[in-house]
Amino acid sequence: MATTMPGKQALVVVDMQNDYCNAGGVYPRHGLKCFDMDRVVTATAAAVTACKTRAIPVIYLRMAWNTDARGFPIDAGLIIEQSRPFIRTEGLRRGTWGAEVLAEMPPPDYVIEKTRYSGFHNTALEALLRGLEVDTIYLAGVITNMCVEATARDAFHRDFRFVVLSDCVSGFSRKLHDASLETLQIFGRTAASSDLLSGTSL
């Protein structure tokens, strides 16, 4: 395999936040727990470190909503109506512990906040990737079949190649996680992070 060319790839880590991934977060407290998170966090942190060592930009995406005086998430849209009604009262509020990235994760090069599942929707992610001259993104994070998949699909629609690091993603349902990884191979690729860590291109 050819070696990776710095400046052409970026690692995008999706929503590795306390409210999703920490046992004390809002989602786990409502029975929505990501599987194998100890393994996923370890693998993702190693991928982040490897990328930074090789001058591959690392971008963290964070879901974070603004609230009104009542604490209602005014920019969460249909997510609170169709998907997670408990978000009406708590979770992923901008400036809170729950919206912060897990403490176990190394610091990124860039952070992009979002209000929808896709990291591209109404954010500066595309402009940042274009400015960095990136044409391929490595994807890690949660939730595989939701925010990771939405970001991967939107990357494809913007003519970015993507590789989902299969050992660096997780979800609430292993069945939906597996189905998502299979589906995403129509648009891009999946691979274990071991190739990335070994210094080869994916």
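From the list Arg88, Arg39, which residue is surrounded by fewer than 19 Cβ atoms within 10 Å (Cβ to Cβ), touching a residue at least 24 places away in the same chain (Cβ under 8 Å) and charged (D, E, K, R)?
The unique qualifying residue is Arg39.
Which residue pairs have Cβ atoms under 8 Å apart, sit 6 or more places apart or on different chains, and have a first residue in the range 98-121 that is surrounded by 16 or more Cβ atoms within 10 Å (Cβ to Cβ) and a second that is modelled with pLDDT of 95 or more and among the aromatic types (Phe, Trp, Tyr)?
That search, which allows pairs on different chains as well, returns Val101/Tyr60; Met105/Tyr60; Pro108/Tyr60; Tyr110/Tyr60; Ile112/Tyr60; Thr115/Trp65.
Looking at Arg70, Arg88, Arg94, Arg54 in this structure, which one is under 30 Å from Leu197 (Cα atoms) and at pLDDT 90 or above?
It is Arg54.
List the residue pairs whose Cβ atoms are under 6 Å apart, where the first residue sits in the range 50-71 and is under 17 Å from Ala124 (Cβ atoms) and among the charged types (D, E, K, R), the second is surrounded by fewer than 22 Cβ atoms within 10 Å (Cβ to Cβ) and at pLDDT 95 or above, and the two are 6 or more positions apart or on different chains.
Final answer for the pair search is Arg62/Glu113.
From Asp167, Asp159, grab the single residue that is buried (at least 19 other Cβ atoms within 10 Å of the Cβ) and either over 13 Å from the mean Cα position of the chain (by Cα) or not hydroxyl-bearing (Ser, Thr, Tyr) (or both).
After ruling out the rest, the residue left standing is Asp167.
Scan the range 123-131 and give yes if some residue there is crowded, with 22+ Cβ neighbours inside 10 Å, modelled with pLDDT of 95 or more and more than 22 Å from Pro28 (Cβ to Cβ), otherwise no.
Scanning the range 123-131, I find at least one residue that is crowded, with 22+ Cβ neighbours inside 10 Å, modelled with pLDDT of 95 or more and more than 22 Å from Pro28 (Cβ to Cβ), so the answer is yes.
Whether any residue in the range 74-85 is crowded, with 19+ Cβ neighbours inside 10 Å, of a type in the set (Asp, Glu) and not in a loop (DSSP other than H, G, I, E, B) is what I want to check.
Looking for residues that are crowded, with 19+ Cβ neighbours inside 10 Å, of a type in the set (Asp, Glu) and not in a loop (DSSP other than H, G, I, E, B), one finds none in the range 74-85, hence no.
Counting only residues that are part of a helix (DSSP H, G or I), charged (D, E, K, R) and under 23 Å from Ser83 (Cα atoms), which one in the range 5-48 is nearest to the chain's Cα centre (by Cα)? Write out each step before concluding.
So in the range 5-48, the residues part of a helix (DSSP H, G or I) come out as 18-21, 26-29, 37-48.
Then keep just the ones that are charged (D, E, K, R); that gives 19, 29, 38-39.
Within this subset, residues satisfying the condition of being under 23 Å from Ser83 (Cα atoms) are 19, 29.
On the way: Asp19: 13, Arg29: 21 Å.
Among those residues, the one meeting the criterion is Asp19.
With the condition kept exactly as written, say whether any residue in the range 62-72 is exposed (fewer than 15 other Cβ atoms within 10 Å of the Cβ), among the acidic types (Asp, Glu) and either outside any helix (DSSP H, G or I) or touching a strand residue (DSSP E or B) at 6+ places or on another chain (Cβ under 7 Å) (or both).
Scanning the range 62-72 turns up at least one residue that is exposed (fewer than 15 other Cβ atoms within 10 Å of the Cβ), among the acidic types (Asp, Glu) and either outside any helix (DSSP H, G or I) or touching a strand residue (DSSP E or B) at 6+ places or on another chain (Cβ under 7 Å) (or both).
The values are calculated or read from the model by the stated rules, or taken from the named source; none is laboratory data. Note that the structure is predicted; figures quoted are calculated from it, not measured. Please note: Cβ atoms are built from the backbone with ideal geometry, for glycine as well, and neighbour counts cover all protein chains shown.
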